[in-house]
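Visitor: The structure's right below; bear with me while I get my questions together.
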Amino acid sequence: MRSLVVVGNVKYDTLAAIERMPRRHEKLRSGEIVASLGGSGANTAAWLHYWGCEVVLGGAVGGDRDGRQCIEDLQAQDIDCSLMAVVDGASTGRGVCLSTPREKRIITTSGPSIELALDGLRGAKLDWSNRVLHVSCKESPELIATCRQASAGGALVSAELGGRSLPAVREVASLAFMNHDELQRVFGVRPEELTTEHVAQFLPQPDARLVVTMGRGGAMCVSAREISHAPSVHVPLVERTGAGDAFNAGFLSAWVRGLSDHECLTQGNKSSSLVLGLLGAQPGVEMMARAESERAQAGAERAHAEAAA
């Protein structure tokens, strides 16, 4: 099974779940306000680790209190932070999220440049031959060089496109993620219009896959051979921040194990449903420990069954 290197934002977030958005000059009371680790890179890495993958995180934080807290929270979840850039004198990125059952609004600060982590990643001279590089950041010369280096070294490249086209990254990507609104905005195609021919246009790598999430409509995976669908998992909604990151991690965790497209989609939807039931975008230490205990028990049961056979 390939290990993963994740490159993306690492921030410290403040989240509030409310029934509706405030009107002008109005104060609303939230049942709970949570400050926690966030950012697409940190979220994806945490959920990959939750699903039992070996993962290294590349991102950038400041040398301030928030940055130290981000690193501590990541290490508490046993995330490998050896590729993280800690920038003395810089402020860590922050996010403030107001979330209702119907919508969310997020305000962020940028934090240190992700290009610092990309420079460090290329300089690390990793053996890419049995890895997946997953990126979730804007296209830049540093990102393009990193993706090309990884691909040339034998890595598979995966990209969270979001609302970005990322043409140079797509040239080497075997896997790309976006939601249905982003698909129409970037490529001018609705999910129901997607065909197997579109994949060759958007992702020229052999056997590439485009994965599109559609909220309550589930998710779809399109390759040159087939189109697969999987329904969403409906759960009581607490807060939706990080659901896309959790989906990506669930899909990737099944993909690196060689499972079918439908199984990957199912795992992604299950992963996304877990974060929808949380206030915060990450599984946290207790959920991590419970998942590891369940994997250990399942492994022991498999070993016992094999010994008895």
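Visitor: Across region 116-154, which residue is farthest from the chain's Cα centre (by Cα) among those that are closer than 17 Å to Ala60 by Cα and among the basic types (Lys, Arg)?
Guide: Arg122
Okay, residues lined up against (1) surrounded by 13 or more Cβ atoms within 10 Å (Cβ to Cβ); (2) closer than 24 Å to Ser40 by Cα; (3) not charged (D, E, K, R):
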position	(1), (2), (3)
Ala152	no, no, yes
Leu161	yes, yes, yes
Ala168	yes, yes, yes
Asn179	yes, yes, yes
Val199	yes, no, yes
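Visitor: Same structure again: Every residue in region 108-124 that is assigned to a helix (DSSP H, G or I), small (Gly, Ala, Ser) and touching a strand residue (DSSP E or B) at 6+ places or on another chain (Cβ under 8 Å), please.
Guide: Residues satisfying the conditions are Ala117, Gly120.
Quick grid of which residues meet (1) in a helix (DSSP H, G or I); (2) buried (at least 19 other Cβ atoms within 10 Å of the Cβ):
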{"position": "Arg29", "(1), (2)": "no, no"}
{"position": "Asn43", "(1), (2)": "yes, yes"}
{"position": "Trp47", "(1), (2)": "yes, yes"}
{"position": "Val61", "(1), (2)": "no, yes"}
{"position": "Asp73", "(1), (2)": "yes, yes"}
{"position": "Ile106", "(1), (2)": "no, no"}
{"position": "Leu126", "(1), (2)": "no, no"}
{"position": "Ser129", "(1), (2)": "no, no"}
{"position": "Glu139", "(1), (2)": "no, no"}
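Visitor: Turning to a different aspect of this structure: Out of Leu259, Leu278, report the one residue that is surrounded by fewer than 19 Cβ atoms within 10 Å (Cβ to Cβ), of a type in the set (A, V, I, L, M) and in a loop (DSSP other than H, G, I, E, B).
Guide: On inspection, the qualifying residue turns out to be Leu259.
Visitor: How many residues are in contact with a Gly (Cβ under 7 Å, 6 or more places away or on another chain), β-branched (Val, Ile, Thr) and either part of a loop (DSSP other than H, G, I, E, B) or surrounded by fewer than 16 Cβ atoms within 10 Å (Cβ to Cβ) (or both) when one looks only at region 208-256?
Guide: Final tally of qualifying residues: 2.
Visitor: Just one of Glu115, Glu103 is of a type in the set (Asp, Glu) and in contact with a helix residue (DSSP H, G or I) (Cβ under 7 Å, 6 or more places away or on another chain); which is it?
Guide: Of Glu115, Glu103, the one residue that is of a type in the set (Asp, Glu) and in contact with a helix residue (DSSP H, G or I) (Cβ under 7 Å, 6 or more places away or on another chain) is Glu115.
Visitor: What are the residues in region 141-181 that are touching a residue at least 24 places away in the same chain (Cβ under 8 Å), of a type in the set (D, E, K, R) and over 16 Å from Gln201 (Cβ atoms), if any?
Guide: Glu142, Arg148, Glu160, Arg164, listed by residue number.
Visitor: Another question, then. For region 189-210, check the following and say yes or no: at least one residue is farther than 19 Å from Asn248 by Cα, out of contact with any strand residue (DSSP E or B) (no Cβ under 7 Å at 6 or more places or on another chain), modelled with pLDDT of 95 or more and of a type in the set (A, V, I, L, M).
Guide: Within region 189-210, one or more residues are farther than 19 Å from Asn248 by Cα, out of contact with any strand residue (DSSP E or B) (no Cβ under 7 Å at 6 or more places or on another chain), modelled with pLDDT of 95 or more and of a type in the set (A, V, I, L, M).
The values are calculated or read from the model by the stated rules, or taken from the named source; none is laboratory data. The shown structure was predicted, so the numbers you read here are calculated from the model rather than taken from an experiment. Every residue, glycine among them, receives a Cβ derived from its backbone with ideal geometry; neighbour counts consider all protein chains shown.
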